[in-house]
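Please read the structure below before turning to the comments.
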Amino acid sequence: MTYQSPLLDLPRSIATPDGHPDAGVAWHWGDPFAEGRAATRSAVVVDRSHREVLAVSGEERLSWLHLVISQHVTELAEGTGTEALVLDSHGRIDTHMVVAHTEGTVYLDTDPEPVATSALPSGGKQTLRDYLEAMKFWSKVDIVDRTADIAVLSLLGPEVDGVLAKLGIELAREPYAVTPLPGGFARRMPWPGKSSVDLAVPRADLTGWWQRITDAGARPAGTWTFDALRVESLRPRLGVDTDDRAIPHEVNWVGSAAHVAKGCYRGQETVAKVHNVGRPPRQMVLLHLDGSPEITPETGDPVLLGERTVGRVGSVVQHHELGPIALALVKRTVQGGAEVLTGVEDRVVQAVVDPDSVPEERAAPGREAAARLRG
């Protein structure tokens, strides 16, 4: 059965459209552009209760996880977190997760129905839970699916710490700092935007937490706002901004989610080789789309430079300030400021590659690129 958040029963909530990766939670609460402005000027709360949450406990939890995920976690201290991946044997991305270590448990939360892990002999896909269970062997760890018990809410905006204070939550300011909550935890995130905190709260009290957070001054916002800030922050979403060939270097996950020096995880050879002696064949960039036509490209549409296909479109969003923008995975040879076409048939749209998003350039201000489209 498709998940439906109980918060969709609240007044003014507009559900994310069916078929969207965030279906089941609020897309917006009546005015997505005002919600976006609030996320950059004050504080908002976003329902992300459709995320899946696994809990790994046991005395060998860190040493075992270190062997099966891409991040260095043998010394991950209590009260801290990180991001990590599961890769296939060729270094291609199967799963992305955000990590929190608190009170003797490592929590792994992922987008709903992740593409997770390598293909089975039957041609199907394992879930992250199935993959971890298959790699458990005799390790002293316990893996529990806590999705039914824990729901994720995200606070965004420069006034987030004021909201936390009113809720009685003390959280260090370092990225990925974690503090326990009754039945869950709070985790500071370096994205989207400049100030973000995830609250993992008891699912049975999701509506109560939402009410307390909004009473503390956070404005309700939807996944529209979260995605707009995520795209502006150049943070990819698995299965949207990646395809079945994507490797961590192409989408800014080296360092933040994949460790280049540690060994002993599947796909590590590719990660180390590309990092040390080569360059990834593609790069993720931000596109400023021409907003004059009332059309936008869709995820998976081609990106054309002249008559040559140079990549694919990922996330497409309407930003409250930048207008229509998108992430795209394009060939390394595509330069900042390049004028490209996106989309197919009756949804072809002109776009400019934001120079600030090109790893080897980051020169001209991105808003200048947007201005070139708007005259």
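The values are calculated or read from the model by the stated rules, or taken from the named source; none is laboratory data. Keep in mind it's a predicted model, so treat the numbers as computed, not measured. For neighbour counting, all protein chains shown are included, and Cβ atoms are generated from backbone atoms with ideal geometry for every residue, glycine included. Note: areas computed on protein heavy atoms with side chains; ligands, DNA, RNA excluded. Shrake-Rupley method; radii C 1.70, N 1.55, O 1.52, S 1.80 Å.
Any idea what the relative contact order of segment 163-258 is, in percent, if you count C-alpha pairs under 8 Å spaced at least 6 apart?
In percent, rounded to a whole number, it is 20.
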Discussion item. Please compute the length gained on full extension between residue 34 and residue 12, using 0.36 nm multiplied by the number of residues separating them and subtracting their Cα-Cα distance.
Written reply: 6.5 nm
Discussion item. Less than 10 Å Cβ to Cβ from residue 331, Lys/Arg counted +1 and Asp/Glu -1: what total charge do the surrounding residues give?
Written reply: +3
Fill in: Summed residue charge, Cβ within 13 Å of residue 228's Cβ, Lys/Arg positive, Asp/Glu negative
-1
Discussion item. Quick check: with the 1.4 Å probe, what order do 137, 33, 226 take by accessible area, largest first?
Written reply: 137, 33, 226
Discussion item. Can you tally the lysine pairs in the chain where the Cα-Cα distance is under 25 Å and the two residues are eight or more apart, or on different chains?
Written reply: 6
Practice prompt. Rounded to the nearest 0.05, what FRET efficiency do residue 88 and residue 204 give with R0 = 30 Å and r taken as the Cβ-Cβ distance? Could you check?
Written response: 0.20
Item to complete: Starting from the exponent 0.38 and prefactor 2.2 Å, build the expected Rg for segment 168-226 from its residue count and divide its actual Cα Rg by it.
Response: 1.14
Worksheet item: What percent antiparallel are the DSSP beta bridges of the chain, to the nearest 5?
Response: 95 percent
Worksheet entry | Whole-Å distance, taken between Cα centres, linking segment 256-319 and segment 171-190 | 29 Å
Worksheet entry | Radius 15 Å from Cβ of residue 215, net charge of other residues (Lys, Arg +1; Asp, Glu -1) | +1
Worksheet entry | Segment residue 345-residue 75, length gained on full extension (0.36 nm per residue, minus Cα span) | 92.0 nm
Discussion item. With a 1.4 Å probe and all protein chains kept in place, how much accessible area does residue 315 have, in Å² rounded to the nearest 10?
Written reply: 10 Å²
Worksheet item: How large are Rg and Dmax for the chain when only the alpha carbon atoms are used, in Å?
Response: 20.4, 64
Worksheet, complete the sentence: Scoring the chain by relative contact order with C-alpha pairs under 8 Å, at least six apart, yields a percentage of 16 percent
Discussion item. Could you work out how much longer the chain between residue 299 and residue 211 gets when fully extended? Use 0.36 nm per residue separation minus the Cα distance between them, nm to one decimal.
Written reply: 28.2 nm
Worksheet entry | List 209, 138, ordered by accessible area with a 1.4 Å probe, largest first | 138, 209
Worksheet item: Measuring from a point 7 Å past the Cα of residue 174 along Cα-to-C-beta, which residues in segment 65-81 have an amide N at less than 12 Å?
Response: 76-81
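Ignoring ligands, DNA and RNA, how do 331, 140 rank by accessible area with a 1.4 Å probe, largest first?
140, 331
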Worksheet item: So for the pair residue 277, residue 245, with labels modelled 7 Å out along Cα→Cβ, what separation do we get in nm?
Response: 2.2 nm
